[in-house]
């Protein structure tokens, strides 16, 4: 881990203080003001959404630079005197048929350059070029991967069927990836991001499929009679947990990633569904009605040591375990509507995070564990929303032109 990452990691993990940073300028040599504006908008939004940086407008600090070369050290250090930790400068140019984004990051205290990166592409890949630089900045300060290049899989009825789509994490570049002309549900990313498991009624039964995101090929993983639902990949990608009703009640099983080696984990008089693995792969949280109402339980990955963790609220469901391992997010019924809540794995510190009209459902953590993604009909149609882990900075990322549900955030 780089020294910068070691220095700042304690601050970031403590969630107590964000790193003050400013994008000094995006200098444009392409003659396209729209590209410059887009680069500035996307980069600042990426840094803000990372939950690591306090993104400051340099104009508010009376800090400006309009040169066509790397800003001098005295300008950078002037930002440091205003309390900035980092200063970012971007140059856009063309090299042959390529569009080039040159991104530089400076330490505001010393004026030293920390990163100097060049990304090549075109107008179609420009947003991803900016996302890549934003992730580089996150990595320099934390040693972690950023989320700006991640994607979100979801279900939408835009074609009047419930098909599967993927889009960038900020809601841009949506792409339909199934044409089942039926009902698709519950997409789940493999840990390497190369495959999606999902449920489809294309053969008139809720069966489980896997889709290779690189080749577009897909195959049926589980087609038992009855329900084959709520897939969840193990952190090592070797097994998939799911719920099957082939033996009567709906129970949780695991199987190999190829659909073989089926192992039953749960036994109960009521349904057991919606498994989610702990990041260490040793435990699974799930929903069960065994106590009379749906509640969250944790068991070992072999089905042993079952224990209930939610005791507040009369309906708690759809759990998702944070990649940090410290919190579980779920949907909790409050006054007849579902709201997003979190709890510690030991059942302590139950918190309801959302309020207002409509039901909030299908919560998922971001790969960093700093954001929560969910669907809600608070504006009429179901849309997808992102908020911080404490419920702040709520942001709708879908256009409210159809229904958007069942979100899943890629690694």
Inset, instruction - Tell me which of these residue 42 doesn't satisfy, since it passes every other one: (1) touching a strand residue (DSSP E or B) at 6+ places or on another chain (Cβ under 8 Å); (2) touching a residue at least 12 places away in the same chain (Cβ under 8 Å). - result: (1)
Inset, instruction - Report whether or not residue 342 is surrounded by 18 or more Cβ atoms within 10 Å (Cβ to Cβ), modelled with pLDDT of 95 or more and in a loop (DSSP other than H, G, I, E, B). - result: no
Legend entry - Filter result (under 24 Å from residue 289 (Cβ atoms) and either touching a helix residue (DSSP H, G or I) at 6+ places or on another chain (Cβ under 8 Å) or outside any strand (DSSP E or B) (or both)) within segment 202-247: 205, 206, 224, 225, 226, 227, 245, 246, 247
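Rundown of residues vs (1) over 24 Å from the mean Cα position of the chain (by Cα); (2) without any contact (Cβ under 8 Å) to a residue 24 or more places away in the chain; (3) surrounded by 14 or more Cβ atoms within 10 Å (Cβ to Cβ), yes/no style:
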| position | (1), (2), (3) |
| --- | --- |
| 154 | no, no, yes |
| 170 | no, no, yes |
| 184 | no, no, yes |
| 189 | no, no, yes |
| 197 | no, no, yes |
| 208 | no, no, yes |
| 215 | no, yes, no |
| 232 | no, no, yes |
| 236 | no, no, no |
Legend entry - So residue 351, is it within 21 Å of residue 280 (Cα to Cα) and at pLDDT 95 or above: no
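Residue-by-condition table, conditions (1) in contact with a strand residue (DSSP E or B) (Cβ under 8 Å, 6 or more places away or on another chain); (2) under 30 Å from residue 81 (Cβ atoms):
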{"site": "137", "(1), (2)": "yes, yes"}
{"site": "142", "(1), (2)": "no, yes"}
{"site": "145", "(1), (2)": "no, no"}
{"site": "151", "(1), (2)": "yes, no"}
{"site": "160", "(1), (2)": "no, no"}
{"site": "186", "(1), (2)": "yes, no"}
Legend entry - Test for residue 174: is it free of Cβ contacts under 8 Å to residues at least 40 places away in the same chain and more than 25 Å from the chain's Cα centre (by Cα): no
Inset, instruction - Test residue 406 against the stated conditions and say whether it is within 18 Å of the chain's Cα centre (by Cα), crowded, with 23+ Cβ neighbours inside 10 Å and on the phi > 0 side of the Ramachandran plot. - result: yes
Inset, instruction - Please work out if residue 92 is in the same structural domain as residue 29 (by TED's automatic domain parsing) and outside any loop (DSSP other than H, G, I, E, B). - result: yes
Legend entry - Selection count, segment 156-168, where residues are in contact (Cβ under 8 Å) with a residue 40 or more places away in the chain and in a loop (DSSP other than H, G, I, E, B): 2
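This table checks each residue for (1) within 22 Å of residue 52 (Cβ to Cβ); (2) surrounded by fewer than 15 Cβ atoms within 10 Å (Cβ to Cβ); (3) at pLDDT 95 or above.
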{"position": "303", "(1), (2), (3)": "no, no, yes"}
{"position": "311", "(1), (2), (3)": "no, yes, yes"}
{"position": "329", "(1), (2), (3)": "yes, no, yes"}
{"position": "332", "(1), (2), (3)": "no, no, yes"}
{"position": "338", "(1), (2), (3)": "no, no, yes"}
{"position": "355", "(1), (2), (3)": "no, yes, yes"}
{"position": "359", "(1), (2), (3)": "no, no, yes"}
{"position": "377", "(1), (2), (3)": "no, no, yes"}
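The values are calculated or read from the model by the stated rules, or taken from the named source; none is laboratory data. These figures come from a predicted structure and were not determined experimentally. Reconstructed Cβ throughout: ideal geometry from the backbone, glycine too, with neighbour counts over all protein chains shown.
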